[in-house]
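The values are calculated or read from the model by the stated rules, or taken from the named source; none is laboratory data. For clarity, every value in this text was computed on a predicted model and none was experimentally measured. With ideal geometry, Cβ positions are generated from the backbone for all residues, glycine too; neighbour counts draw on all protein chains shown. When the accessible area is computed, the model is the full protein with side chains, heavy atoms only, and any ligands, DNA or RNA have been set aside. Shrake-Rupley method; radii C 1.70, N 1.55, O 1.52, S 1.80 Å.
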Amino acid sequence: MAHDSATDDGLTEDSVGTGTEPDVRGVESRVGAWNTLSQIRGDPTALAGLAIISVVTLVALIASVDYYLLDYWLAETFWVHPARDPQEVEILLPPVGLENDFGQGTWEHPLGTDHRGRDIAARLFYGTRIAMLVGFVSTVIGLVGGTLVGSVSGYYGGWVDDVLMRAVETLYAIPFLVLVIAFMAAFGRNLTYAMIGVGIASIPTFARLLRSRVVSVREEEYVAAARAAGVRTRWIILRHVVPNSFAPVLVQATLQIGLAILIVAGLSFLGFGAQPPTPSWGQMLNQSRDSMLPNPWFSIWPGLAILFTVVGFNLLGDGLRDALDPHIEEE
Amino acid sequence: MLQAIPVIVGIVTITFFLTDAIPGDPVQIMLGPSPSAEQAAAIRAKYGLDQPLWIRYINYLGDVSPVWIAPAASFPFFTPEFGVDLGRSLYYQVPVTQKIAERLPVTLLLMVSSFAFALVIAIPLGIISAQRRNEPTDHVSRVVALIGVSTPSFWIGLMLIMIFAFHLDVLPATSLVLPWADPASVDAATSRIDVLVVAGEHLLLPMVSLGTLQMAAITRIERSAMLEQLSEEYVQLARAYGVRERTILSKHAFRPAQLPVITIVGLQLTTAIGGAVLTETVFSINGMGRLIITAINNQDYPLVMGTTLVFGVVFVVGVILTDISYAYIDPRVSYGGDR
């Protein structure tokens, strides 16, 4: 494990007792991040993933700025406002250039319209916002929780480890989707609880991964040195053990965002995600089930949107894995 | 195997308290919006809902565990209890175990067949991919695997229904027929063969829909595990001795490369259970997945707890099976030793 002199500086500057801890980590982590970035620069897989994520993030940001911006920018006829009163008549227009029983596809609705005559493109656009939000927030919850449990469990070992790992295994043994659904049934059927639920359900993955690394990192000499110098345990975990065990967790986090998007799409499909009229991809797929015969495109587009986004995160995750450590085991 | 017990107790605990937190009054669901006070009290007493939470928890643990010592008022102050009792479904008014016995085979059939489908496709695909590294075949299989792990299984289901049931009209889009079902109960079937054909037709689309994710994930692992084995010294030695590449692949590298595959199959189990919930919804299959969704929607506490518990047990059994096959493939791993 590569380790620079920053830690040694910290050890000479023994500040135990003064209450302030030595700031020794800044240099190292910056170097690490820079290395990662420069390594993935030459990797087409990671770059392709990064490009896809950038596009989707941009779309999500634009959709988040304000509904009004879009209204003015694209003129009212182009995007039927997703929050507007839905039309009661069924108008399932096909994408531009195609024709079905309801008429000819026009540029007014480039991807066609849904069962209430709403513009599919606009709803996909807004769905991006929810997918990205859910992906990031739930992963951060899982990451923080998993890091906490995994590092404490791995560093202390003994009965703490046993208790925490049994708890984590229990959480892991309840199927992800079932756990989140039960959680949402108990606390509320909305997006916030979907994010928290998916976050909690992903804690075991992170905790187990980090623990397996921490167990080996805690035996490293610099950790022993820090301990001998009287650095507080909390500080050792936070500043030495976790950062040096973090590479596989970072890879997993990237993949987890994609997974979270898939799972929340599934939840929305079952009616446990964002509630109508807020558009989300899974919910659109659910609504399209009765209209697949007259307008198959209504089901095709949201699926492609999910596929595109998740492919982005998987590509970046694979690229990061190759860049950070070619021998990280695949979980 | 003993480690499974605290995990199962943990599952019971989590589901019990989570289910208890579901808002709404089960008595109202059973009796309508405004039951009389006596009626409500009678129902509460019948189902033990008038007891405090922790008593209900202890009672539930006792009901669920196959062996239990229940406290008694007289000597010897306890009575042994045997058997598993998951309670009665509030909505269906039948024992939860009966409902689960009805639905579990359907879900197990779906899951086992989807894993079989995944393995049958993924193992050859991964090996070919590793063997022809960076050739067009490899690229195609990697792209297929990438798309496979990135596509929602329920969307694949919708697309399959659209193509094969609506447009080509060659396969049924809903429900599942058990291959061991009585021929008389299956439409247009007179013999066992007919039943098997009908069952196969019904199974095909849900199986592919659920199995694609597993297939893709296993292909990726198989490829990387195979590549790792092929770069080992013993393979180079075999090559130097002039052993044919086919023999190396099938005799030498294949076996050790399956260890990470087994790990991933075990880990994929929870994903597959979640996927089964979605697949059953898409194909209107009356399995465990739809059962738990209806149970949650109906606030059918005992049924929610029972189904979750059974899902957990299925997972634990799957993990134990994974451990056993580990020992089978790698003689160095002895079963019952360290994890």
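Are any of the residues in region B:212-229 assigned to a helix (DSSP H, G or I), of a type in the set (A, V, I, L, M, F, W, C) and at pLDDT below 85? No - not one qualifying residue is present in region B:212-229.
Annotation: of all residues in region A:301-323 being open to solvent by 50 Å² or more (accessible area, probe 1.4 Å) and not acidic (D, E), the one that is farthest from the other protein chains (Cβ to nearest Cβ) is A:W301.
Taking every residue in region A:288-300 that is facing chain B (nearest Cβ under 8 Å) and pairing it with any residue that is not in a helix (DSSP H, G or I), at least 6 positions away or on another chain, the pairs with Cβ-Cβ distances below 6 Å are A:S299/A:M292. Candidates in region B:274-290 are the residues that are among the β-branched types (V, I, T) and within 7 Å of chain A (Cβ to nearest Cβ); of these, the one that is most open to solvent (accessible area, probe 1.4 Å) is B:T281. Considering B:S185, B:S150, B:S191, the condition of being surrounded by 18 or more Cβ atoms within 10 Å (Cβ to Cβ) and either away from chain A (no Cβ under 11 Å) or of a type in the set (G, A, S) (or both) is satisfied by B:S150 alone.
Of the residues that sit in region B:153-180 and are small (G, A, S) and surrounded by 18 or more Cβ atoms within 10 Å (Cβ to Cβ), which one is modelled with the lowest pLDDT? Step by step, filter region B:153-180, then rank; the result is B:A173.
Can A:S153 be described as surrounded by fewer than 21 Cβ atoms within 10 Å (Cβ to Cβ) and of a type in the set (S, T, Y)? Against the criterion (surrounded by fewer than 21 Cβ atoms within 10 Å (Cβ to Cβ) and of a type in the set (S, T, Y)), A:S153 does not qualify. Exactly one residue out of A:T139, A:T113 is farther than 27 Å from B:G274 by Cβ and either within 14 Å of chain B (Cβ to nearest Cβ) or open to solvent by less than 10 Å² (accessible area, probe 1.4 Å) (or both): that is A:T113. Taken across region B:319-335, residues that are away from chain A (no Cβ under 14 Å), part of a loop (DSSP other than H, G, I, E, B) and either open to solvent by less than 30 Å² (accessible area, probe 1.4 Å) or modelled with pLDDT of 85 or more (or both) do occur, with at least one present. Inside region B:109-147, residues that are open to solvent by 20 Å² or more (accessible area, probe 1.4 Å), within 14 Å of chain A (Cβ to nearest Cβ) and among the aliphatic types (A, V, I, L, M) make up a count of 4. Taken together, the residues in region A:217-237 that are in a helix (DSSP H, G or I) and touching a residue at least 24 places away in the same chain (Cβ under 8 Å) amount to 8. Restricting region B:237-268 to residues that are more than 31 Å from the chain's Cα centre (by Cα) and of a type in the set (D, E, K, R), the residue that is least open to solvent (accessible area, probe 1.4 Å) is B:E245. Summed over region A:264-289, the residues that are open to solvent by 10 Å² or more (accessible area, probe 1.4 Å) and farther than 22 Å from A:S64 by Cα give a count of 5. For the residues A:V180, A:V249, the requirement of being open to solvent by less than 30 Å² (accessible area, probe 1.4 Å), within 26 Å of B:Q3 (Cβ to Cβ) and at the interface with another protein chain (Cβ under 10 Å from one of its Cβ atoms) singles out A:V180. If you check B:T271 against the conditions, is it in contact (Cβ under 8 Å) with a residue 24 or more places away in the chain, more than 9 Å from every other protein chain (Cβ to nearest Cβ) and within 17 Å of the chain's Cα centre (by Cα)? In short, no.
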